[in-house]
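The values are calculated or read from the model by the stated rules, or taken from the named source; none is laboratory data. Only a predicted model underlies this, so the values are computations on that prediction, with no experimental measurement involved. Cβ atoms come from the backbone with ideal geometry, glycine included; neighbour counts cover every protein chain shown.
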Amino acid sequence: MLLQTAHTIRCKLTPLPSRDMLRKTRAGYGSHLSLTVDMISLFKKKKIYTELIGAEVFNGEIDHFFGSALCKIGFENIKKNMWIQDLETGVRKIVTIMHWKGATSTPQWGYSLDYVPHFNNSYNNIFWHRTNKSAMIDVFPFYFDFSKYLLSRFTTPKEHTQKLESFTPLIIQDLNEFYDLGSDTNDLVNILEKSEAYNASGLGFWNWVQLPLAYAFTLNKIGNSQKANEFIDKYLSKHDIAPKARAKLIERFNNVSA
């Protein structure tokens, strides 16, 4: 039986946020992390929920609606909040539930690439992610507004269920439209090029660690070495990478082959 957490949030009535405040908050999170109409309407209705939905209930409903729909179109639930479809080309479709501040979450979809490595948090070691269990998002449509599918634990179980019922078919439609763009290297370059050119109001393209790294490696893979080197040099200048890890990255970058 799904259990709800006993954690209680103490709330006090405060004046509703001004439109200017909401605009500033929206800008701070970026287009795909912006406050949505649903979130603003929650303030206006002066709803106060004394408890968060328990994580088990919150995730269980996501699995029931969204996860089941993904499995019907060929995805496998690898671990909590992550679904994979291995294309067996060194590319995996990956769908995750991203958790943000304020007990909110959004879906995110993209590709995990065998030829792109990743760093640990301290940038002193570098790894591959070439299995379904280790897969991570390297490429995603940065220009897409994922916040329109924002889910919050500051709601009732009934409203959470209703939102998932309405969101799920729309999410499946949107992610299928993205995957229809293709997954070969030229398709990925087009997605990354559009993402890099997108003018976000908050977090930018370079704030996402894997996006520019995937762009550099994919450009090198298709033979556009000049632009690839420009990107990898810019990436190296933006991150404090330990010498050994830096050398490994350059070696792997130079060894990317078409």
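A few notes on this one:
- Pick from region 202-235, criterion small (G, A, S) and out of contact with any helix residue (DSSP H, G or I) (no Cβ under 9 Å at 6 or more places or on another chain), ranking: farthest from Y123 (Cα to Cα): G223
- Residue identified as buried (at least 17 other Cβ atoms within 10 Å of the Cβ) and in contact with a Lys or Arg (Cβ under 6 Å, 6 or more places away or on another chain) among P117, P107: P117
- If the condition is being among the aliphatic types (A, V, I, L, M) and assigned to a strand (DSSP E or B), then region 87-114 contributes V91, I94, V95, I97, M98, L113.
- Qualifying positions in region 155-183 - touching a strand residue (DSSP E or B) at 6+ places or on another chain (Cβ under 8 Å) and farther than 15 Å from V95 by Cβ: H160, K163
- Residue count for region 70-86 under the criterion of being of a type in the set (A, V, I, L, M, F, W, C), outside any strand (DSSP E or B) and surrounded by 15 or more Cβ atoms within 10 Å (Cβ to Cβ): the result is 2.
- Contact map, region 177-201: first residue at pLDDT below 95, second residue of a type in the set (G, A, S) and part of a helix (DSSP H, G or I), Cβ cut-off under 7 Å, separation 6 or more or different chains; pairs are A200/S31; S201/A27; S201/S31.
- Residue selected from region 156-179 under the condition of a type in the set (D, E, K, R) and farther than 23 Å from F142 by Cα, by the criterion surrounded by the most Cβ atoms within 10 Å (Cβ to Cβ): K163
- Counted residues, region 89-104 - those being modelled with pLDDT of 95 or more and either of a type in the set (F, W, Y) or at positive phi (or both): 1
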